[in-house]
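J.: Following this message is one structure expressed as structure tokens.
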Amino acid sequence: MAHHDLLIIGAGSGNSVIGPEHDGWDIAIAEPWLFGGTCMNRGCIPSKMLVHAADLAMSARLAPALGVHTTFDGVDWPSIRDRIFGRIDPIADAGLAYRHNLDNVTVYESEAHFTGNRAFEIGGQSVTADHVVLAAGARSVVPELHGLLDTPFHTSDTIMRVDTLPEHLVVLGGGFIALEMAHVFHGLGSRVTILHRGDLLLRRADEDIRHRIT
């Protein structure tokens with residue numbers, strides 16, 4: 001059984017917990033996916049880079065209405081995607097390599113499961129720790145819709161890395177992530193349909209904003 005002074009579950013914001021005050025501690029990090037967490041790998045950073053590309057594409061289409069002579073001839077989706085993740089993925093890889101190279105840090109590239117009080121099963125190994133930080137983040141929720149599991153679909157975790165630009169994208173939901181992805185793919189040339197229960201989008205937003213966006 002392995003024992004550590006500190007176990008951090010999740011290498012997104014959890015990766016920033018370790019500081020000079022932990023010099024001399026035996027530290028472990030459990031992360032089955034990419035270092036850097038949701039924001040860097042599948043959230044706000046790649047999505048905003050996609051939004052910028054979509055905004056440029058939409059500007060090219062809309063500029064003639066203002067007397068600016070531009071044309072829109074489509075996009076090179078693989079180039080857009082690869083430019084974004086070609087910058088992001090090496091950062092995640094470097095973060096993992098850096099932690100692996102520290103003498104006082106053990107990295108478990110597996111999920112952690114509680115088996116008792118500060119006791120865990122990680123990658124088939126029993127692990128205990130004096131201190132535990134839970135920083136596992138959030139997961140996309142797949143709604144229970146009849147037939148959905150029999151239909152190929154993406155979530156916000158995967159849609160930004162697809163191989164080809166969808167000809168037609170159906171977005172289930174009317175929250176801010178749904179609308180951001182709808183804007184991105186519509187801006188880049190996909191036909192987009194939003195399916196939302198209710199009369200107004202962005203349920204938790206200001207009422208005037210909801211009416212304007214809808």
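The values are calculated or read from the model by the stated rules, or taken from the named source; none is laboratory data. This one's a predicted model, so the numbers in the text were calculated from it and none came from an experiment. Glycine gets a Cβ as well: all are built from the backbone with ideal geometry, and neighbour counts include every protein chain shown.
J.: Of everything in the range 33-48 that's at pLDDT 95 or above and surrounded by fewer than 19 Cβ atoms within 10 Å (Cβ to Cβ), which residue is nearest to the chain's Cα centre (by Cα)?
T.: It comes out as Ile45.
J.: Please name all residue pairs, on different chains or six or more residues apart, with Cβ atoms under 7 Å, provided the first residue is in the range 190-205 and is among the basic types (Lys, Arg) and the second residue is outside any loop (DSSP other than H, G, I, E, B).
T.: Partner pairs satisfying both residue conditions: Arg191/His168.
J.: Taking the range 20-60, which residues are in contact (Cβ under 8 Å) with a residue 24 or more places away in the chain, at negative phi and either in a loop (DSSP other than H, G, I, E, B) or acidic (Asp, Glu) (or both)?
T.: Once the filter is applied, which keeps residues that are in contact (Cβ under 8 Å) with a residue 24 or more places away in the chain, at negative phi and either in a loop (DSSP other than H, G, I, E, B) or acidic (Asp, Glu) (or both), the range 20-60 yields Asp23, Trp25, Asp26, Glu31, Pro32, Leu34, Phe35, Gly43, Asp55.
J.: I'm trying to understand the selection: among the residues of the range 147-173, which are part of a loop (DSSP other than H, G, I, E, B), out of contact with any Ser or Thr (no Cβ under 8 Å at 6 or more places or on another chain) and on the phi < 0 side of the Ramachandran plot?
T.: Thr151, Pro152, Phe153, His154, Thr158, Val162, Asp163, Thr164
J.: Hey, among Pro64, Pro78, which residue is over 16 Å from Leu165 (Cα atoms) and part of a helix (DSSP H, G or I)?
T.: Pro64
J.: Looking at this structure, is Leu172 in contact with a Gly (Cβ under 8 Å, 6 or more places away or on another chain) and hydrophobic (A, V, I, L, M, F, W, C)?
T.: When the stated conditions are applied, Leu172 does not pass them.
J.: List every residue pair whose Cβ atoms lie under 6 Å apart, where the two residues are 6 or more positions apart in sequence or sit on different chains, the first residue falls within the range 139-167 and is over 18 Å from Ala54 (Cβ atoms), and the second residue, located anywhere, is assigned to a loop (DSSP other than H, G, I, E, B) and of a type outside the set (Gly, Ala, Ser).
T.: Correct list of pairs: Ser140/Thr155; Ser140/Asp157.
J.: I'd like to verify a number: residues in the range 114-138 that are of a type outside the set (D, E, K, R), surrounded by 11 or more Cβ atoms within 10 Å (Cβ to Cβ) and without any contact (Cβ under 8 Å) to a residue 60 or more places away in the chain, how many?
T.: Looking only at that region, the number is 4.
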